[in-house]
Amino acid sequence: MKRVAVLFIVLIMMVVTGCQQPADTGADDPHGDSNGAPADNGAPADNGEAAVPEFGPEYADTIVLATTTSTYDSGLLDKIIPVFESMHGIEVDIISLGTGQAINIAERGDCDIILVHAPNLEDQFVEEGYGTERWNVMYNEFVFLGPNGDPAGIAESADIESALIKMQEHMEDEGIAFTSRGDNSGTHNKEVDLWPLAGIEVEGQEWYTSLGQGMGDTLITTNEMEGYTMTDRGTYFSMMDKLPNLEIVFEGDEALTNPYSIIPVNPNKHPGVKHEEALLLAEFFISDEAQKMIGEFGKDTFGEPLFFADAQ
Amino acid sequence: MPEMFYMQTQGALLPHKIIENDRAFPIRYCPRAVVKRIAAVKQEERNMEAVNALKLLLTFDPYVYNIIGVSLRVSGIALLFSTLIGIPVGTILGLTHFRGKPFVTALLYTGMGFPPVVIGLFVFLLFSSVGPMGSLGWLFTTKAMITAQTIIAFPLVSGFTMAAVLSVDKNLMKQLQALGATKLQASWAAIKEARIGVLVAIIAGFGGIISEVGAVMLVGGNIEGKTRVLTTAIVLETRQGNFGVAIAFGIILLSITFIANLTMVTLQKRHLFASE
Amino acid sequence: MTEKSYYIRNLLKKYPGFELEIKDLSLFKGEIFCMLGPSGAGKTTLLRLLNFLEKAEEGEIIFEGRNFSYHSNTYPLEVMRKITTVFQRPALLKDSVWKNIIYPLKIRNQRVDKAEIMPLVEELGISHLLRQSSRTLSGGEAQRVAMARALVFKPRVLLLDEPTANLDPTNIKIIEQMVTKYAAEERPTVVWITHNHFQAKRVGDRTCLIDGGLIVEVSEKDTFFNNPEQQKTKAFLSGEMFF
């Protein structure tokens, strides 16, 4: 029995010490890069992650950026955050959550800065003193997706109102569904605000399917159901090849812009946040260099960018 | 037959445009029939994806290995702590009588079936910067994840240990004491008598936490390179529609669990006379 | 005069619905003291008081000159470790026979000297079983292992609660011979509860009859069996006593 216990403890020791791990608590990270292992210098790593230099910089500090799942999944941050990290030697831990949750943890002071796209919530956030200031970083557009071939001819609609009305008719006639994120995210709130423009009440409608899920999951579900949904262009592009049953059926209306802002958490509310470093990140996002990268992101892949730079 | 043109970007192949009959269609404006053909091709590619994703493992991809390492570290340490506390507690509960024992027992059983994500929420509120233990700065680190998983595994380990120890003959305990064993020595002998059940307790604890996703997502934040574990990686990849990769991670998770359990079972078998 | 090991005075042990009362009883070193009596008479209760696993409500037990009265909080471990008990059904650990036998030495942190233990093992006829799992033993083999375990650390007091009640004649003989041999060599105090008064006649130096929580008679072997003082004893020996 003693031998078993010894073996057990040895195994655990191996687990504890053997796996390369950077320091967790944001203190100095001596020799590893943020992936915990050296990668090939300059070569693209798998899974869409940005290439990381062989011996990473010694990070002086770590800040926590909370953002939404759709922002994270677009892959933009994987592209531009490493630039910031090597510029300033500050490591950025990115947490992707639903909009509501991201704002909630910012209000708690569990992160140092947020990047979200929910104007009303953002205003409230700053007004209540949780955030210092709101900087526009970029915007993209929401688009409506529908079954391939656009059987209802939604694309020909002149404006958002008629598009929605046509959509409703088609859904009621054919028994097709509209999938809503239903998770109180920025995207969801935007979608909810659009229906009244066309005078449509979604409550109680058979075709209105509220999922309570993030953008990616919602799109996958919509693809399976061959129905309608609203999404941001970025997420759609990044997942396009997994959504063979859908295509864009409506876009371009003014009402469909989706602005992203970056807001540092107010140190007056939470003295423990790393405000200076967060400011550096905010300034980086609105800097020319970052704005250019944002404007280019996605061009080589999709033929057009996913986001439009918006900093004044 | 339409020809699809791909763009190579960041390790993934994404459709860019299709050329059919000398007409070029950017992918968005493809006729339905064309899209259907492409979908068929994509399906086949997706099937390859799982295979390719498993190759990630074989080529020692650091991203994958980091995730495996964090998973093992977090669950391994949590299991260690929950075992160190859980086995003695379960033994005491199994061997002693005290006032309020039914209450404590029921509490333990409740803990065994308790939704892990609720424990995650509780730990999150504990370590949040406005929470009582926020000053530790453990939120969004593996320390918080280990805490949550220890709490999740503890009722499993102690509950099963208690059940195993209960089945030890009380006469044996009396006999051992009559031979000069202290209460502690007799308790240790009881644990050894019930060692198969105790092993099951450990296996149950491990199984419960290595496959847990809600709590570690909440308190860890799924931060790449730091707090991303197999389960949260699966959630991420699924959300982004990379089913092949998600399945590959799932296979890795299953393999790890299987190997761990196999190890424990063989260790037990090799110890003399442990098997029934 | 042989030394006293136990002196019990005004002992009262209460259970719901039952009381054991012993006004005056002495046990001596080097003797085999048999206890006879019907079921529920209090024999096992007395045994449990003698190995200090339980405490009486009133009275005193003076063991090797030290007084353990009812208000003693703890019995010192080194005292308890001089005493060994063998029960009717052998409670062995799920382990090899050898591991079972040396258990008392292990918990006392004493050296295990195989050469020293082998005579005991051979005497009990279990030397070929040492590597076996305890679960593969027959009833008789198991009890012999329990006996070896009980004697391996050379106890000063040997308490036996109907140790041969479930055994066949061969095993009974082995056990009886073992105990008498040990008693002759090491001169411990042996208290032997048995149902079988023939056995008591074979092995006991003194015998007592307990009934209803009271001692009926304590006598030397000859007196007890041939010319008992009490009427009850006569009735018991002739099988007329109703349980």
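The values are calculated or read from the model by the stated rules, or taken from the named source; none is laboratory data. In this text the structure is predicted, and so the values were computed from the model without any measurement. Cβ atoms come from the backbone with ideal geometry, glycine included; neighbour counts cover every protein chain shown. When the accessible area is computed, the model is the full protein with side chains, heavy atoms only, and any ligands, DNA or RNA have been set aside. Shrake-Rupley method; radii C 1.70, N 1.55, O 1.52, S 1.80 Å.
Data table
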| item | result |
| --- | --- |
| Subset of region B:225-253 that is touching a residue at least 12 places away in the same chain (Cβ under 8 Å) and within 9 Å of another protein chain (Cβ to nearest Cβ) - its residue that is most open to solvent (accessible area, probe 1.4 Å) | B:F243 |
| Spans of helices (runs of 4 or more DSSP H) in region C:125-243 with at least 2 residues touching a residue at least 60 places away in the same chain (Cβ under 8 Å) | C:139-151, C:169-186, C:197-203 |
| Candidate set: region C:54-90, residues that are among the aromatic types (F, W, Y) and at pLDDT 80 or above; chosen: the one most open to solvent (accessible area, probe 1.4 Å) | C:F87 |
| Hits in region A:202-257 (condition: among the hydroxyl-bearing types (S, T, Y) and within 18 Å of the chain's Cα centre (by Cα)) | A:T218, A:T229, A:T231, A:T235, A:Y236, A:S238, A:T257 |
| The listed residue being closer than 28 Å to A:F237 by Cα and open to solvent by less than 30 Å² (accessible area, probe 1.4 Å), out of B:G205, B:G221 | B:G221 |
| Residue list for region C:118-133, restricted to those being open to solvent by 10 Å² or more (accessible area, probe 1.4 Å) and either within 14 Å of another protein chain (Cβ to nearest Cβ) or more than 20 Å from C:N166 (Cβ to Cβ) (or both) | C:M118, C:P119, C:L120, C:E122, C:E123, C:S127, C:H128, C:L130, C:R131, C:Q132, C:S133 |
| Residue selected from region B:77-101 under the condition touching a residue at least 60 places away in the same chain (Cβ under 8 Å) and of a type outside the set (A, V, I, L, M, F, W, C), by the criterion farthest from B:S187 (Cα to Cα) | B:S82 |
| Residue list for region A:270-310, filter: buried (at least 18 other Cβ atoms within 10 Å of the Cβ) and part of a loop (DSSP other than H, G, I, E, B) | A:H270, A:V273, A:K274, A:F297, A:G298, A:P305, A:L306, A:F307, A:D310 |
| Enumeration of residues in region C:206-226 that are among the acidic types (D, E) and within 19 Å of the chain's Cα centre (by Cα) | C:D211, C:E217, C:E220 |
| Strands (runs of 3 or more DSSP E) fully within region A:215-268 counting 3 or more residues that are modelled with pLDDT of 90 or more and under 19 Å from B:R239 (Cβ atoms) | A:228-232 |
| So C:R156, is it out of contact with any helix residue (DSSP H, G or I) (no Cβ under 9 Å at 6 or more places or on another chain), of a type in the set (K, R) and either under 25 Å from C:E186 (Cα atoms) or away from chain B (no Cβ under 14 Å) (or both) | no |
| Hey, C:T136 buried (at least 18 other Cβ atoms within 10 Å of the Cβ), out of contact with any Gly (no Cβ under 7 Å at 6 or more places or on another chain) and polar (S, T, N, Q) or not | no |
| Check on B:K183, of a type outside the set (A, V, I, L, M, F, W, C), more than 8 Å from every other protein chain (Cβ to nearest Cβ) and without any contact (Cβ under 8 Å) to a residue 12 or more places away in the chain | yes |
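Matching residues to (1) farther than 19 Å from B:V74 by Cβ; (2) part of a loop (DSSP other than H, G, I, E, B); (3) open to solvent by less than 60 Å² (accessible area, probe 1.4 Å):
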site: B:L108; (1), (2), (3): yes, no, yes
site: B:G111; (1), (2), (3): yes, no, yes
site: B:S129; (1), (2), (3): yes, yes, yes
site: B:F140; (1), (2), (3): no, yes, yes
site: B:A144; (1), (2), (3): no, no, yes
site: B:Q149; (1), (2), (3): no, no, yes
site: B:L156; (1), (2), (3): no, no, yes
site: B:F160; (1), (2), (3): yes, no, no
